[in-house]
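Working notes, structure below.
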Amino acid sequence: MSTIRQQIIELLQQEELNAIDISQMVSVREKEVYEHLAHISLSLKAKNQKLLIDPYCCLSCGYVFRDRHRFTRPGRCPKCKGGHIRMATYRVVE
Ligand SMILES: [Zn+2]
């Protein structure tokens with residue numbers, strides 16, 4: 001468990017990735033990636049690092065999901081009800 005989280009942290013220190021990229025690179029299901037990210041976000045704070053999130057955004061109207069606290073994908077846009085959502089991306093920074 002901690003090894004996978006460490007791998008994810010190392011990947012995100014090198015490049016900006018979304019949950020699908022991470023899922024493929026560390027061979028875990030996308031659903032599990034979101035659980036790891038939630039833990040990583042908390043554990044990084046203790047090390048004075050930060051998980052930077054470029055939030056989900058609606059491809060139809062441009063609505064940005066800034067206030068979303070969960071990591072999982074939103075199903076629909078609350079503004080235009082469209083279902084084309086750009087994936088959030090993540091980075092780890094000092
Ligand atoms: Zn929209």
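Kindly provide the helix-only [θ] at 222 nm of the chain, computed as the sum of -39,500 (n - 2.57) over DSSP H runs of four or more divided by all residues, to the nearest 500 deg cm²/dmol?
-12500 deg cm²/dmol
Would you please give the residues with an amide H less than 5 Å from that of T89, counting only those at least 5 places away or on a separate chain, with H modeled from the backbone geometry?
Long-range HN contacts for T89: D54.
Apply the Karplus curve 6.51 cos²θ - 1.76 cosθ + 1.60, θ = phi - 60°, to the phi angles in region 54-64 and return the couplings in whole Hz, x for Gly and Pro.
8, x, 4, 8, 7, 7, 7, 10, x, 4, 10
Step through the residues of region 77-82 one at a time and calculate ³J(HN,Hα) from phi using the Karplus curve (6.51 cos²θ - 1.76 cosθ + 1.60, θ = phi - 60°), rounding each to whole Hz and writing x for Gly and Pro.
6, x, 8, 10, 6, x
Which Cys residues of the chain have no other Cys Cβ less than 4.7 Å away and so no disulfide-compatible partner by this rule?
So far as the 4.7 Å Cβ criterion goes, C57 stand without a partner in the chain.
Could you go through region 9-24 in sequence order and give the Karplus-derived ³J(HN,Hα) for each residue, using 6.51 cos²θ - 1.76 cosθ + 1.60 with θ = phi - 60°, rounded to whole Hz, and x for Gly and Pro?
Each residue of region 9-24 in turn: 4, 5, 4, 6, 6, 8, 8, 8, 9, 9, 5, 5, 4, 4, 4, 6 Hz.
When every alpha-carbon pair in region 2-93 is counted, what percent end up more than 19 Å apart?
More than 19 Å apart: 39 percent of the Cα pairs in region 2-93.
Please give me the summed charge of the neighbours of R5: other residues whose Cβ is under 12 Å from its Cβ, Lys and Arg +1, Asp and Glu -1.
Overall, the nearby charge balance is -3.
Nearest 0.05, what FRET efficiency do R66 and Q13 give at R0 = 22 Å with Cβ-Cβ as r?
The formula returns an efficiency of 0.40 here.
How far is it, in nm, from the label point at I4 to the one at A46 when both lie 7 Å from their Cα along the line to the Cβ?
Label-label distance for I4 and A46, simple model: 2.0 nm.
On a C-alpha basis, how far is the centre of region 10-49 from the centre of region 53-75 in Å? Whole number, if you could?
Distance between centres, Cα-based: 17 Å.
Counting alpha carbon pairs within less than 8 Å and at least 6 residues apart, what relative contact order, in whole percent, applies to the chain?
34 percent
For S60, list long-range residues whose amide hydrogen, built 1.01 Å from N in the peptide plane, is under 5 Å from its own amide hydrogen.
Sorted by chain and number, the residues that satisfy this are H84.
No value in this document is a laboratory result; all are computed from the given coordinates. Note that the coordinates shown come from a computational prediction; the quantities given were computed from them, not determined experimentally. Cβ sites come from the backbone with ideal geometry, for glycine too, and all protein chains shown count toward neighbours.
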